[in-house]
Structure formats: C-alpha cells, structure tokens
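Since the structure comes first, as structure tokens, the remarks are kept for the end.
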Amino acid sequence: MSAQDEVGAVVDAMYAMISGPKGPRDWSTQKDVFTPDARQMRTGVDAEGKAWIKAMSPGDYARDVAAFFEANDFFEVEIDRRIDVLGNMAQVWSLYEARTAPDDATPERRGVNSIQLYRDPDLGWRIVSMIWDNERPGVTVAPF
C-alpha cells in the first residue's frame, strides 16, 4: 500500500468514527487515528465577525461533541481530498459536507479539514493536528 493510500485510510477512519445516526460514538478507534497529544481545532467567527478557535485533545473533542451526537444524526462526508507526503509527514486537504443522512441531496454545511499526519515507525500514520472551518458568507470552498 502506498503512503498516500495509508494516509487516506486514516482519514477515512476519522470520518467513520464521527459519522452515524444519533447516539454515542465508538471513540476506541481514536488511538488508531490520532497521536495521544494530537490537537483538533475548530474555528469560526462570532456574531460580530471576529475569528475564534477552540483547540482540543482527542478526548476533549469527544466530550465536546457527545451531547450533539447523542441527539442528532450526523454524517461528515468527504467530497474531495488532496494528499501531500514528504518523508514522515503528510498534509491532507479534505473538503467535506455535513449531512443528517449520507445521501442527503443538500448538505447542512460544507467546510475544509486541514489534517497533518506523522508516520510513527511502530504504529504507522497518525493525525497530529487538524484544523477546520466552514463556509459562510464571503468564505467558500471549491474542489481541489
């Protein structure tokens, strides 16, 4: 399997872990996707248009979204991807749509995940950081 295929499999596992019908998620696969000290960073703007960021560990993220996933069907569907690999690091640009069902014709929102990975000599590729933002007026995304 090529490095790009291996990196892609980790990204696929990340999407599978957070997507599903309402109810709890199986967070046990976080150890197969993220390094223990990874950071997941949600960004956006407040009502006045001022940028904000919320940085979380994998455990913090799971706790942050638990109530939302418990009450809502949520599927984050990747619609385009670009992977760049150099040695033991990889960068993935992943365009996604959030939906209440995988085959919804109209997504709830779209955005981009910027995902950085490290190739651990014993464990393989793992996400060390990811930062994301969603489309909004003045901010649109296009396929890569």
Check your understanding: Looking at this structure, is Gln30 surrounded by 14 or more Cβ atoms within 10 Å (Cβ to Cβ), in contact with a helix residue (DSSP H, G or I) (Cβ under 7 Å, 6 or more places away or on another chain) and part of a strand (DSSP E or B)?
Key -> no
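Would you be able to tell me the number of residues in segment 90-113 that are surrounded by 15 or more Cβ atoms within 10 Å (Cβ to Cβ) and of a type outside the set (Asp, Glu)? Please lay out each step first, then the result.
As a first pass, look at segment 90-113 and keep what is surrounded by 15 or more Cβ atoms within 10 Å (Cβ to Cβ): 90, 92-99, 107, 110-113.
The next check asks that each one be of a type outside the set (Asp, Glu); those that pass are 90, 92-96, 98-99, 107, 110-113.
Result for segment 90-113: 13.
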Point to revise | Residues satisfying the stated conditions in segment 92-144, i.e. of a type in the set (S, T, N, Q), free of Cβ contacts under 8 Å to residues at least 60 places away in the same chain and more than 25 Å from Asp73 (Cα to Cα) | key: Gln116
Check your understanding: What tally of residues in segment 65-81 results from selecting those that are of a type outside the set (A, V, I, L, M, F, W, C) and either within 14 Å of the chain's Cα centre (by Cα) or surrounded by 17 or more Cβ atoms within 10 Å (Cβ to Cβ) (or both)?
Key -> 4
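I'm trying to understand the selection: among the residues of segment 125-144, which are out of contact with any Phe, Trp or Tyr (no Cβ under 7 Å at 6 or more places or on another chain) and either charged (D, E, K, R) or crowded, with 16+ Cβ neighbours inside 10 Å (or both)?
To start, the set of residues in segment 125-144 that are out of contact with any Phe, Trp or Tyr (no Cβ under 7 Å at 6 or more places or on another chain) comprises 125, 129-143.
Matches in segment 125-144: Trp125, Ser129, Met130, Ile131, Trp132, Asp133, Asn134, Glu135, Arg136, Val141.
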**Study point:** Pairs where the first residue, in segment 5-21, is assigned to a strand (DSSP E or B) and the second is surrounded by 16 or more Cβ atoms within 10 Å (Cβ to Cβ) and of a type outside the set (A, V, I, L, M), C-beta under 9 Å, 6+ apart
**Key:** Gly20/Phe69; Gly20/Phe74; Gly20/Phe75
Practice item. Please work out which one of (1) modelled with pLDDT of 95 or more; (2) over 16 Å from Gln4 (Cα atoms) is the condition Arg136 fails and give its number. Key: (1)
**Study point:** Any hit, segment 97-117, residues being under 14 Å from Glu6 (Cβ atoms), acidic (Asp, Glu) and at pLDDT 95 or above
**Key:** no
Revision key, fill the gap. Selection from segment 39-64 of residues exposed (fewer than 12 other Cβ atoms within 10 Å of the Cβ) and among the aromatic types (Phe, Trp, Tyr) yields Trp52
Exercise for review: Look through segment 92-144, keep the residues that are within 20 Å of Arg42 (Cα to Cα) and small (Gly, Ala, Ser), and return whichever of them is farthest from the chain's Cα centre (by Cα).
Suggested key: Gly138
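One line per residue, one yes/no per condition, for (1) without any contact (Cβ under 8 Å) to a residue 60 or more places away in the chain; (2) of a type in the set (Lys, Arg); (3) in a helix (DSSP H, G or I); (4) over 22 Å from Thr140 (Cβ atoms):
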position	(1), (2), (3), (4)
Met41	no, no, no, no
Ala55	yes, no, no, yes
Asp60	yes, no, yes, yes
Asp64	yes, no, yes, yes
Ala67	yes, no, yes, yes
Arg82	no, yes, no, no
Val85	no, no, no, yes
Ala90	no, no, no, yes
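The values are calculated or read from the model by the stated rules, or taken from the named source; none is laboratory data. Values in this document were obtained by computation on a predicted structure and should not be read as measured data. Every residue, glycine among them, receives a Cβ derived from its backbone with ideal geometry; neighbour counts consider all protein chains shown.
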